[in-house]
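Data block below; observations after.
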Amino acid sequence: MKKDLIIILDFGSQYSHIIARRIRDLGVYTLLYSYDISIHNILSKKPKGIILSGGPCSVYEKNSPLISKNIFKLHIPILGICYGMQLISFILGGKIEESKYKEYGKVDFTIDKINDLFYKIPKKSIVWMSHFDEIKDLPKELKIIGHTSSCRVAALTHINKNIYAVQFHPEVQHTKFGIFILKNFIFRICKCNSKWKINNFIEKSIDKIKKRVYGKRVILGFSGGVDSFVSAYLIYKAIGNYLNCIFVDTGFLLKKEKEKISLLCKKINLPIKIIDAKNNFLSSLNGISDPEMKRKIIGKEFISIFQKESEKIGNVEFLAQGTIYSDIIESSIFSSNKLSCSIKSHHNVGGLPISMKFKLIEPLKELFKDEVRKIGKKLGLPKEILYRHPFPGPGLSIRIIGKINEKKIIIIKKAENILYEELNNYNIYDTVNQAFIILLPIKSVGVMGDKRTYEYTAVLRVINTEDFMTATFSHLSYDFLEKISSRIINEVEGINRMVYDITSKPPSTIEWE
């Protein structure tokens with residue numbers, strides 16, 4: 001039986017791929033296309049439903065992304081999300097303006113009228129908002145089916161067509177009944193069947209890598225995180241010793257990280273070469289404080305090392321990386337229509353130099369972190385690999401805000417080591433998804449042993465997340481927070497003040513740079 005298809009039209013939202021992920025998880029095949037795909041092309045794919053994503057633009061601005069009104073004549077169910085809702089209203093003659101009350105984060109939502117989209121959804125629930133525009137005048141073809149305290153039109157429907165829209169984001173985990181809303185649209189409104197599975201991803205990936213590489217050698221920039229481990233293991237299964245894993249000691253690693261990586265690689269029989277390049281990276285970043293420049297310099301240094309190594313190895317044509325969807329999305333490389341606002345360059349995405357000679361192999365670039373872990377589990381990777389906390393390729397260099405020097409590196413390494421010790425002592429490590437320290441370029445006055453101190457401020461960041469596209473801070477005990485603060489300030493020379501970051505993503509990112 002031919003699998004059903006849902007098409008998502010991308011208007012540049014950071015969440016577009018999460019929508020696709022959620023629907024794939026429901027067992028329905030999903031494709032993401034640029035908003036400017038032709039009506040003819042849409043029809044040729046025979047979708048059972050169309051979703052209009054959110055986006056960073058305002059529909060009333062000049063050159064904002066629009067779609068043809070003819071899409072409403074296709075007799076295909078449509079769901080608009082955020083910008084997608086405003087777009088539906090705008091195209092049908094509604095008026096959109098900047099809202100007096102902007103909404104970001106968790107908001108109380110009330111259903112005004114029971115309908116198929118909200119079938120068996122409680123009348124009141126928590127939803128996740130991220131908008132600064134609102135519908136002022138509603139077209140006569142549309143009617144309101146939900147509101148919040150500051151948004152009169154938080155959900156709407158067409159009076160006689162299967163067209164629905166919501167101002168909030170049902171695809172993110174913080175919308176409590178979001179997955180049920182998507183289920184209602186996919187199964188109740190679009191009448192899809194759950195037929196698509198990801199079970200054959202490993203076999204397809206291995207076969208694809210074999211055919212593409214075909215006797216050439218591959219260098220893999222190995223970071224030691226779950227993404228690079230899974231990528232390396234997949235590629236190694238495909239081409240064996242034609243893969244050359246290279247782990248670069250940038251000088252910005254956690255304490256004893258090289259030793260841990262070596263042991264884990266031996267455990268799964270994965271060959272790896274470790275290169276000491278501490279001096280290169282530190283000298284390249286001397287005097288640099290801009291985070292984007294840091295990432296691009298680091299990306300350039302990595303490629304320089306890989307190119308030198310490739311000359312030693314010979315016949316190297318490909319560079320492999322553990323790039324995943326969230327890396328691409330935040331670097332805004334992902335967007336099919338180039339409307340996305342760049343959040344930050346990742347050293348392995350936006351930080352790569354244009355002049356790079358290698359062809360890229362990124363087997364995980366369409367997966368999110370939790371999907372990568374599922375693949376790793378199927379590959380038989382041990383728990384200590386699968387559930388390692390993410391550690392950025394640029395390492396501690398982007399956890400030192402501002403300029404970098406050896407003294408700051410020593411300070412943050414000691415602080416991070418204390419954090420990991422206490423996470424394990426309190427049995428917290430496996431209950432949170434990421435935890436780390438940020439060293440600020442801010443000094444404050446303190447008192448130690450009756451003497452005045454003037455030292456750095458450090459930030460503790462601990463988050464819980466499903467896919468690393470959205471996140472909330474972890475609700476840790478005061479006892480744990482007090483222990484971390486006490487140990488770091490008493491044991492790490494150079495820090496005399498600790499603060500805890502309690503912002504969610506969005507509006508913040510998880511890392512600070």
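Considering only the range 458-480, how many residues are more than 20 Å from the chain's Cα centre (by Cα) and under 14 Å from E416 (Cα atoms)? Residues in the range 458-480 being more than 20 Å from the chain's Cα centre (by Cα) and under 14 Å from E416 (Cα atoms): 3 in total.
When E493, E466, E482 are screened for being out of contact with any strand residue (DSSP E or B) (no Cβ under 9 Å at 6 or more places or on another chain), of a type outside the set (A, V, I, L, M) and within 25 Å of I409 (Cα to Cα), only E482 passes.
For S231, are the conditions met, namely being surrounded by 15 or more Cβ atoms within 10 Å (Cβ to Cβ), touching a Gly at 6+ places or on another chain (Cβ under 6 Å) and closer than 25 Å to L386 by Cβ?
Numbers: surrounded by 15 or more Cβ atoms within 10 Å (Cβ to Cβ): yes; touching a Gly at 6+ places or on another chain (Cβ under 6 Å): yes; closer than 25 Å to L386 by Cβ: yes.
When the stated conditions are applied, S231 passes them.
Can you pull out the residues in the range 163-179 that are under 15 Å from L79 (Cα atoms), assigned to a loop (DSSP other than H, G, I, E, B) and among the hydrophobic types (A, V, I, L, M, F, W, C)?
Within the range 163-179, just F168 meets the criteria.
Evaluated against (1) part of a helix (DSSP H, G or I); (2) over 23 Å from the mean Cα position of the chain (by Cα), S444 falls short on exactly one condition, (1).
Note on the range 381-427: residues that are closer than 17 Å to R487 by Cα and either assigned by TED's automatic domain parsing to the domain that holds G225 or of a type outside the set (S, T, N, Q) (or both) total 14. Would it be correct to say that K357 is farther than 26 Å from L423 by Cβ, part of a loop (DSSP other than H, G, I, E, B) and at pLDDT 90 or above? The answer is no for K357. Every condition in (1) at negative phi; (2) in contact with a helix residue (DSSP H, G or I) (Cβ under 9 Å, 6 or more places away or on another chain) is met by G215 except one, and the failing one is (1). Scanning the range 484-501 for residues that are touching a Ser or Thr at 6+ places or on another chain (Cβ under 9 Å) and either under 15 Å from Y420 (Cα atoms) or assigned to a loop (DSSP other than H, G, I, E, B) (or both) gives a single hit, D501. From the list T457, T453, the one residue that fits, being assigned to a strand (DSSP E or B), at pLDDT 95 or above and not aromatic (F, W, Y), is T457. As for the range 202-210, it holds no residue that is of a type in the set (A, V, I, L, M) and part of a strand (DSSP E or B). Which residues, counting only those in the range 2-14, are touching a residue at least 40 places away in the same chain (Cβ under 8 Å), surrounded by fewer than 24 Cβ atoms within 10 Å (Cβ to Cβ), part of a loop (DSSP other than H, G, I, E, B) and at negative phi? Answer for the range 2-14, where residues must be touching a residue at least 40 places away in the same chain (Cβ under 8 Å), surrounded by fewer than 24 Cβ atoms within 10 Å (Cβ to Cβ), part of a loop (DSSP other than H, G, I, E, B) and at negative phi: K3, D4. The set of residues in the range 460-483 that are assigned to a loop (DSSP other than H, G, I, E, B), out of contact with any Lys or Arg (no Cβ under 6 Å at 6 or more places or on another chain) and hydroxyl-bearing (S, T, Y) comprises T465, S474, S477. Looking only at the range 446-456, residues that are surrounded by fewer than 18 Cβ atoms within 10 Å (Cβ to Cβ) and touching a strand residue (DSSP E or B) at 6+ places or on another chain (Cβ under 6 Å) come to 3 in all. In summary, L352 fulfils each of the numbered conditions (1) farther than 22 Å from I463 by Cβ; (2) buried (at least 18 other Cβ atoms within 10 Å of the Cβ); (3) modelled with pLDDT of 90 or more with the single exception of condition (3). Checking the structure you have, find out if any residue of the range 85-97 is within 30 Å of the chain's Cα centre (by Cα) and farther than 29 Å from K69 by Cα. No, there is no match, as no residue in the range 85-97 is within 30 Å of the chain's Cα centre (by Cα) and farther than 29 Å from K69 by Cα.
The values are calculated or read from the model by the stated rules, or taken from the named source; none is laboratory data. Just so it is clear, the model here is predicted, and its values are computed rather than measured. Virtual Cβ from ideal backbone geometry, glycine too; neighbours counted across all protein chains shown.
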